[in-house]
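Report on the structure given below.
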Amino acid sequence: MKNMTLSQRLTLVFTLLLVACCTISGILQVRSSSQYSQAVIQRLSQDMAKHIADSNPLLGQNGLNTASVHTLFDQLMAVNPSVEVYLLDKQGKIIGDAAPAGAVKLSLVNLQPVKALLKGAKMPVYGDNPRHADQTSHQVFSAAPLLDHGQLQGYIYIVLLGDQYSALDRDAQLQSAVMMAVRSMGLVILFGLVAGGFAFRWVTRPIRRLTAQIRNLDSGGLEAVQALSQTVPAANAQRDEVFQLQQTFINMAKRIDEQWQRLTRQDQQRREFIANISHDLRTPLTSLHGYLETLSVKSDQLSDEDRHRYLNIALVQSKKVGRLAQELFELARLEYGVVKPQKEPFSMSELVQDVYQKFELTAETRHLTLQADMTQGIPLVNADLAMIERVMTNLLDNAIRFTPDHGTIEIRLWPQQEKVMVQLNDSGPGIAAELKNDLFIRPSILSTGRKRAGGLGLMIVKRILELHGSDITLIDRPGKGACFEFSVPI
């Protein structure tokens, strides 16, 4: 069975079922035929007992006429060996028979079937067989009452199919059943092997086709996965289990293809991310190295003012490198789930004021205007205070760096359902159209004087908000600078 194909297994099972059905059908046919023949015999012999009772003096003046009973019974059984004749009293007790000594096992016959037959019950009616002691051995019979001057004295009870007939009938039925079974099994096996082979080969054709697709999927690589994901199953097989299985494999191939495409994009983004970060690190490191090398080589030739200026420039560049390194470390911790938000209730209005104070001096130096538009009655939010402060700090720092002097930066707060909405607007250059889709995914080196792109700070913002079940979006405002919007849960 383990090495058989599906078609072979189906053919074998189908053949076994046909054999079982034919066997059961044969048994039922034999049984039905036997009941039919017994009913016919009982109907034909229904008046036999009455004729005997009317034609022969079985009862004399002194009771039972023993000699007449034996002579009559012997003659009947000699003429028809299949019958067995008994004389019963009013209670069903056997008072006369022609059976050999010891052949009669019952002394009392159940009269209920006798009375039912005399009342015209549907045939066949089965009664006791006196030659068998067990109550389960029943045979068709003929019966008639014995009357003396109108008074019931007993019954003539004739078993129509006695032991001799039963023995011969069993042998005949056994031979017939064996021959029928042999013929049926031969025909069934032949039919099962021929018709079943063709039928199940046709039935399992979709499974074989699906098996070939899966085998090709196993050996064909990514191209086979993509080909299977684009397969369109037949529309007329919507309820077919094989169709459902095939659709499941197609959906699986689609998911694999989508995951592969996503991994390809992520790999490309990783490469661009490394290239962009390398560029961002290389610029301050090159500047830092250049000024430090100048100080080292020409230290005696430089004035104190030049040395001091070079040192300040080198210090600024080193701070840039340190800030990039810190942001990379923080971004890695956020992406790998090292940092978990410690949520607590706090006021977003107070947080905005605190963040404004951190940048107040920088804003005054560049003559920038910091505005706050906050609706009255803003509820407390439930979030990690340090993380949300980092979000506000990164966004405000990004806005200040790219907003020209005498510009304006505004933060708006308003409640909306179960969250507080935050919107930050600036009057600086907008985001380049080609960079909007990847603004929060990877940093870009395409920043120019008029347009700006995202950096590690915006990536950190997005990861922090994702940990809070929120997200940040860029609101399109052509010619009006950048506008970022996000929500904080209450």
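A short reminder: the numbers here are calculations on the coordinates, not readings from a lab. Predicted, not measured: the structure shown is a model, and the values here were computed from it. Methodologically, a virtual Cβ is constructed for each residue, glycine included, from the backbone with ideal geometry; neighbour enumeration extends over all protein chains shown.
Arrange TYR336, TYR310, TYR86 by Cβ neighbour counts within 10 Å, fewest through most, would you?
Ascending Cβ contact count within 10 Å gives the list TYR336, TYR310, TYR86.
Which far-off residues, 5 or more places away or on another chain, put their amide H under 5 Å from the one on LYS105, with H placed in the peptide plane?
Answer set, sorted by chain and number: ARG131, HIS132.
For a footprinting-style exposure proxy, rank TYR291, TYR126 by other Cβ within 10 Å, fewest first.
TYR126, TYR291
How do 362-371, 105-114 rank on mean C-beta neighbours within 10 Å, highest first?
Result, highest mean Cβ count within 10 Å first: 105-114, 362-371.
What residue among LEU474, LEU396, PRO415 has its Cα farthest toward the positive end of the dipole of region 341-489, where the charges are +1 on Lys, Arg and -1 on Asp, Glu, each on the Cβ?
Of the options given, the answer is LEU474.
Would you grab the residues whose amide H sits under 5 Å from the one on ALA482? Only those 5+ places off in sequence or on another chain, please, with H modelled 1.01 Å from N.
ASP426, GLY428
Show me 293-306, 347-360 ranked by packing, highest mean number of other Cβ atoms within 10 Å first.
Most protected by this proxy first, the peptides run 347-360, 293-306.
Could you list which residues have their amide H under 5 Å from that of VAL420, counting only those 5 or more apart in sequence or on another chain, with H placed in the peptide plane?
Under 5 Å from the amide H of VAL420 lie the amide H atoms of VAL488, ILE490, each far enough along the sequence or on another chain.
Kindly rank 205-213, 407-415 from highest to lowest mean number of other beta carbons found within 10 Å of each residue. Working shown, then result.
On the way: 205-213: 14.2, 407-415: 17.9.
Those peptides, ordered most packed to least, come out 407-415, 205-213.
For region 295-350 and region 354-405, what is the separation of their C-alpha centers, rounded to whole Å?
Distance between centres, Cα-based: 20 Å.
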